[in-house]
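Structure first, then comments.
The values are calculated or read from the model by the stated rules, or taken from the named source; none is laboratory data. Worth saying up front: this structure is predicted, and the values here are computed from it rather than measured. Here Cβ is always computed from backbone atoms with ideal geometry, including for glycine, and neighbour counts include all displayed protein chains.
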Amino acid sequence: MKSVHMSVDSASSDSDLQDRVVNFLRRNFPQIQMHGGNAAIQRLDPETGEVEIQLGGACSGCGISPMTIQAIKSRMVEEIPEIETVHANTGQSSEPEMGETKGMSPSFPGEGGDESDEEPQAPF
């Protein structure tokens, strides 16, 4: 059972936990930034072991963001013992219907503008 007592030590350990979550995201998911996306901690509760991660930028319209979210959820609880529950989302209130687009389209370094009318291909 975790202690409920707050002290100067626990405040510094809270900061250490946040640093470890940030470093985890940087170390494990550099492709998020490489593809124009970002990840930010929205909420971190050291007492309950819960963290909420918000994916933004190109992640908001990316078709593989659900897989990225699942990877974050499973790896973070394995690598950071104090984290018990990970909530992660792209900030969209609902998933778009088949054929419907919502949010930003994914962008990749070196890609041209909107010269083509072709639909993006599924990643599988």
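When the stretch 22-73 is filtered for residues that are of a type in the set (K, R), surrounded by 13 or more Cβ atoms within 10 Å (Cβ to Cβ) and either over 14 Å from N89 (Cβ atoms) or free of Cβ contacts under 8 Å to residues at least 12 places away in the same chain (or both), nothing remains. From the list T68, T101, the lone residue that is at pLDDT 50 or above and of a type in the set (V, I, T) is T68.
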